[in-house]
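Here's the structure we're looking at; comments come further down.
The values are calculated or read from the model by the stated rules, or taken from the named source; none is laboratory data. Bear in mind the structure is a predicted one, so any value in this text is a computation, not a measurement. Please note: Cβ atoms are built from the backbone with ideal geometry, for glycine as well, and neighbour counts cover all protein chains shown.
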Amino acid sequence: MSLSLILSFSALVFLCALALVWSRWPAWMKALLVAGVAVFYFWADDVVHNLSGWPTVDALPERFTLLAAVIEEPSNKSAGALYIWVNAIENGKPVAQPRAHKLPYAKDLHALLNEGMKKARQGVTQMGTAAPKAGKKGLGWLRPGSDEQEVKIRDLPAPQLPEK
């Protein structure tokens, strides 16, 4: 989140705290204020999360068409990242709008994306699949790195036309 959004949320929480502590509002009105601010926070978080143009760190769709990739290799100043633009495939058809994703840098995925982009430049559409990496079962949110995905990219199969 950008600094301006963080400061806006902080100001809202500060004003809410002032209203709760210093006002002579009845308890039901203060409870309504707390509930309203909580609902607004989660709604605003969802809106900010879905801003167009910003790459998401959400998991890749299960099946997708690879449209573009930009690789930022690791250096002394940054850990590196893989930015990919994909069009999710749902029910055998691509969705209406593509989405940008930001993945942590991995050398094997870097090579896979380079190969996929070479084929895409040659006119061979690339299809990808993403599945959670196999690991220990249980509460995944307690284990760092448990949300990693195994990404595979291959040529999009030729469409099967019905016989005449």
Name the residues in region 1-42 that are under 22 Å from the mean Cα position of the chain (by Cα), touching a residue at least 12 places away in the same chain (Cβ under 8 Å) and part of a helix (DSSP H, G or I), would you? Leu5, Phe9, Phe40, Tyr41
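Select from region 99-109 the residues that are touching a residue at least 12 places away in the same chain (Cβ under 8 Å) and surrounded by fewer than 15 Cβ atoms within 10 Å (Cβ to Cβ) and write down the one among them that is nearest to Ala59 (Cα to Cα).
Going residue by residue through region 99-109, those that are touching a residue at least 12 places away in the same chain (Cβ under 8 Å) are 99-106, 109.
Applying the additional criterion that residues be surrounded by fewer than 15 Cβ atoms within 10 Å (Cβ to Cβ) yields 104, 106.
Numbers: Pro104: 11, Ala106: 15 Å.
Result: Pro104.
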Condition check for Ala59: closer than 30 Å to Ala130 by Cβ, touching a residue at least 60 places away in the same chain (Cβ under 8 Å) and among the aliphatic types (A, V, I, L, M): yes
Starting from region 144-158, keep only residues that are closer than 15 Å to Gly92 by Cα, then list their pairs with residues that are modelled with pLDDT of 85 or more whose Cβ atoms are within a distance under 6 Å, requiring at least 6 positions of separation or different chains. Leu156/Thr125; Leu156/Met127
Considering each residue of region 43-83, count those that are within 13 Å of the chain's Cα centre (by Cα) and among the small types (Gly, Ala, Ser), and give that number. 3
